[in-house]
1. Taking the condition over 17 Å from the mean Cα position of the chain (by Cα), crowded, with 19+ Cβ neighbours inside 10 Å, more than 7 Å from chain B (Cβ to nearest Cβ) and hydrophobic (A, V, I, L, M, F, W, C), does A:Leu129 pass?
2. In the range B:66-93, what count of residues is obtained for those that are buried (at least 17 other Cβ atoms within 10 Å of the Cβ) and not in a helix (DSSP H, G or I)?
3. Would you mind telling me which numbered condition in (1) more than 10 Å from chain B (Cβ to nearest Cβ); (2) under 22 Å from the mean Cα position of the chain (by Cα) A:Asn178 fails?
4. Taking the range C:391-412 as the region of interest, how many residues are under 21 Å from C:Arg474 (Cα atoms) and in contact with a Phe, Trp or Tyr (Cβ under 9 Å, 6 or more places away or on another chain)?
5. Among the residues of the range C:243-255, which ones are outside any loop (DSSP other than H, G, I, E, B), surrounded by fewer than 22 Cβ atoms within 10 Å (Cβ to Cβ) and not hydroxyl-bearing (Ser, Thr, Tyr)?
6. Which count do you get for residues in the range A:218-240 that are under 18 Å from A:Ile124 (Cβ atoms) and either more than 9 Å from chain B (Cβ to nearest Cβ) or within 18 Å of the chain's Cα centre (by Cα) (or both)?
7. For the range C:347-378, enumerate the residues that are within 14 Å of chain A (Cβ to nearest Cβ), within 30 Å of C:Val414 (Cα to Cα) and not in a loop (DSSP other than H, G, I, E, B).
8. Looking only at the range C:379-402, which residues are assigned to a loop (DSSP other than H, G, I, E, B), over 29 Å from C:Ile346 (Cα atoms) and more than 9 Å from every other protein chain (Cβ to nearest Cβ)?
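The values are calculated or read from the model by the stated rules, or taken from the named source; none is laboratory data. Just so you know, these numbers come straight off a predicted model, no measurement behind them. All Cβ positions, glycine included, derive from the backbone under ideal geometry; neighbour counts span all protein chains shown.
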Amino acid sequence: MSTFWQRYKRNKSAVFGLAVIIIVIIMAATANFLYPFDPFRLAGKPLSGPGMNGFWLGSDSLGRDVAAGIVHGAKTSLLIGLIATLVAIFIGIVFGAFAGYYGGRLDDILMRITEIFQTIPSFIFAILLVAIMKPSIVSIVIAIAVVSWPGVARLVRGEFLALKNREFVQACHTLGMNDLRIMLREILPNCMSPIIVIGSLMVATAILIESGLAFLGLGDPNIMSWGFQIGAGRTMLRSAWWVCTFPGVAILITVLAINLVGEGLNDALNPRLRERN
Amino acid sequence: MTRSTKIVKYVSRRLFQGVPIILAIIIINFFLLNLAEGDAVDVLAGEAGSATPEYMAQLRAKFGLDQPLPVQLLVYLKNVLALDLGYSFRHDMPVSDLIFDRFFATGLLMTCTILLAVGFGVLLGLLAAMRLNTWKDAVITVFALITYATPLFWVGLMMIVVFSLKLGWLPTSGMENVAAFYEGWDRVKDIAVHLILPTVTLSLFYLALYTRMMRASMLEQYGQDYVVTARAKGLTERRITFVHVLRNALLPVVTMAGVQVGALIGGSVIVESVFAWPGLGMLAFESLFARDLNLLLGIFMLSSILVIVVNLIVDIIYCFLDPRIEVS
Amino acid sequence: MTEKLLQIDNLFIELPTGSERQHAVQDLSLELAQGETLCVVGESGSGKSLTARAVMGLLPAPHVRVSGGQINFNSEDVTKATYDRLRDIRGSEISMIFQEPMTALNPVMSIGNQIDEIFRYHVSMSRSERIERAIELLRDVNLPNPEQIMNAYPHELSGGQRQRSMIAMALALKPQILIADEPTTALDVTTQAQILKLIRDMQTASNTGVLFITHDFGVVADIADRVVVMQHGIVVESGTVNQVLNSPEHPYTQALISAVPSLMPREARSRLEKTVLQVRGLNKTFGGGKSFFGFGKPNREVRAVKDVELDLHKGETLGVVGESGSGKSTLARCIIRLMDTDSGEISIDGNEINGLSRAEMRPWRNKIQMVFQDPFASLNPRVRVGDIIAQGPVTQGIDRDEAIKRARELISIVGLDGRAFDRFPHEFSGGQRQRIGIARSLALKPEILIADEPVSALDVSIQAQILKLLDEIRDQMNLSMLFITHDLRVAAQVCDRLAVMRYGEIVETGATAKLFANPQHSYTRDLLAAVPGKEWKTGAKSSSVKSRTKSA
């Protein structure tokens, strides 16, 4: 673990990314403390510019505080990004592991299904799913997970395909170990590095998809989110640029930070650097 | 077997593989949409305000919506094979006509975007890799990192703020100035001006993606053994970069370009809605809220076919770049 | 042999800070004359390859660089040459061939184009002239159908053909020096013999100086005029091939040379008549299946194992020898039931095990175990050494404490420190890892051990230690062993009997000594003839090396 941190530390921008994410997490965790009131409530004079009428980042046409929205929106983005990614990774591991390990006909079927999900234009599919299930946190998480798992499945399949012919796995067969144990205890731990890396990048993508959905009006109507703020501020672009701008900056910084962390993880976990020195 | 027959075989096999995928997509979407509450008749009735249950039943019978689902699906499939994509109740037009009307706008946007993103992405990536660890590399890398993290719709809005509202250089929305009744070259010029912001917006993300990929790919190839051989042969660095490394480095980028087409169509929904670009993306979004089942299915099918076709084209390009492809 | 083509004086090559050692090469001096072959010998990490690269100015910049000394090529110091001058030299005055011809050639460029480049960048010739010259070159290196090979891509050629193309490329402009960096290591032994002969012939024809990097003393004996032995970046010994091979002075050279197994088969041990493993009519085919939806042509069929019959007697070591692709590893994997066979019988102590399901097979795992080739791939990097060894008994239902006790015993039996138990595989060297792999296979107290090229990934000195360990264990535990190898020297030292495999078939079986002395099948004769350095070290330290030196 300490050597991992040593390696991670070498990438300065990854450390910066991590710091930013920690700040965003703290912001999300203390949202109810920083802005104890409902971010949807009228907090003052509508369309106040940044710094005016006690609004740090201004207010929108209904007098909602943009800063409060950003702080509460952080919660939504991180939560949805994280949960959707976990679900997608789970589906992807199941598909990829069975396809790669058993090969043959099962592999054919599972990969055909994966291919279909990869061919469908993913964002349109996500819109469709959310609209059918009615916008809510759950439906958004499901939609994002459903369109994101194929990448994981392919990655995991590739890893399993390569690792199942590795000699240490063959050695387990000669010891009489059963398949499930080999898959879970022997192979899976060896593909965790690429899964962690792709997972971290997927959190970023998930946040982007979530904001896109919310922007189109497909967000959970009861929960504040960055995409919703931008969508709501769209019509006042001419008179109140700040309503759209600051939530966008929040998305940008968060996603950027997560991508930097993902790259840092990739450098630190890169198996090529690890094997044989 | 010669190379050309190999390629023909490969392509026809890939074409054939696309058929079950398209079928599966139609079926999946059909059932998903049927899971949704309410059908087109509910929507029509809701808009009319006062529809009797009898009238609604009559409407359902007229559209075949009273049939069991498998029958509806079979009918739909049969029609699709006859290139009849059904009828849009909302627009009162055949779906194929509607799609055809809007296809040009999206096709134009997508083609320009792909050319811009791949072209500049490859160029920037190449430049960054050649000037590794200089200020040029740093600028390109930071630019790619930031654009890669920016939501499309926000870039679009910010562009409108800067280039349309503040500077007044470019129009905010639409595909052409309809009121001006331009003709001939004037019209082409008008459309081109309207095209700039949506294309740039949509391509930025992919530009960043291809730049990063190209840079990484170039660096990986520079580390390969054959580069040492080329140096040992006394070739110039120029020749090594542009003849040896470039062609090998392009391979993963070309593959990625194909994979990203699906995502690009998704992105066009957002961009078209930001710039009111009258294409398929907007049509899909509108039809979704109108529960216009046939229309949505048509658009989905078309975009899936589009993805498959583009992937095929990419595969063919790949064949010419990489002699190692095998028919198996 | 008076003109000094290349003279390296006190060369230092510096490694990036934070490396294991500061210098890859320290205070190295050597000379190469026209028409001479100088072998630089050493184990992995000795700095021999970097020395070769430094001559071409091809050190991996900017991290690894020459930090002292001179490399004089015809009295011109190439370490101080300008980039343009270096480019002139490369490929025309000094050329290089590499270990792995597949990766050393550009995969997306035809062989013809890759040869053509050399002409285009060094001399001015018309296009037709260049093509003619290229075809001529390909013919000179004995490639069949040179016209066709001009248009071929590297993946369409065999390993030997690729290396011949590389040699054609390297010799295109008749360079004064050819640097060969382990050019035959990736090749089969019969191909290796042909390539060595080709290099020798080309050298004689154009009086080229050859700087030949290798780890294989057999190859050295065959090709060298003079030898330089390197260890950890330092030259420990140099001299004529006769001096170095037959009367080495430095202890490291002595150790290396004594580690090279002799081709003289050792005496077969007495064996019992009892057959522990019997294989009859075994067949295994790869490919030939159709894709899932039934369309597309079936994959090409490869018959990896054809009608193989084997008997392994109690207490003996039966070697299966053959080149890559002969099916020997597939055979091993079929016998231990890692792969399903198409047909055939495999019986242990007279009990048929082929066709048993995985569950039915489980009790038989105690009888037969395997040691794998690659010590880096055969141990799970995420599992502690103790658990790797204890895994087998635990899977077989033995009490965990008992299994751990056994694992600790085995760690000391295979000669590892007891602290190894709690460590991860990556903390160990290749040889130590192979010991761990052996301990794992012994944890189930098997009667039969299948060893699949257990030493081919190891340096020669480590190789000798592992072979010794296997020998001791076999005697101690009364094991019967099936030993898969491509190396006839190793086979000579380990195996009581041999089965020679080619294209999936066993072409000849017999007692090792008899088979070596009087091979019946033509392929066995070819294999034996191709062993590098066979005249040297067949037991009596011979004079044949000297005679080669004179004829060069």
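1. Values: over 17 Å from the mean Cα position of the chain (by Cα): yes; crowded, with 19+ Cβ neighbours inside 10 Å: yes; more than 7 Å from chain B (Cβ to nearest Cβ): yes; hydrophobic (A, V, I, L, M, F, W, C): yes.
When the stated conditions are applied, A:Leu129 passes them.
2. Restricting attention to the range B:66-93, the residues satisfying the condition of being buried (at least 17 other Cβ atoms within 10 Å of the Cβ) are B:72, B:76, B:80, B:85-91.
Cutting the leftovers down to not in a helix (DSSP H, G or I) gives us B:85-91.
Within the range B:66-93, residues that are buried (at least 17 other Cβ atoms within 10 Å of the Cβ) and not in a helix (DSSP H, G or I) number 7.
3. (2)
4. Selection size over the range C:391-412: 3.
5. Across the range C:243-255, the qualifying residues are C:Gln243, C:Asn246, C:Pro251, C:Gln254, C:Ala255.
6. 3
7. Hits for the range C:347-378 are C:Ile348, C:Arg358, C:Met361, C:Arg362, C:Pro363, C:Trp364, C:Arg365, C:Asn366, C:Ile368, C:Gln369, C:Met370, C:Val371.
8. Matches in the range C:379-402: C:Arg384, C:Asp399.
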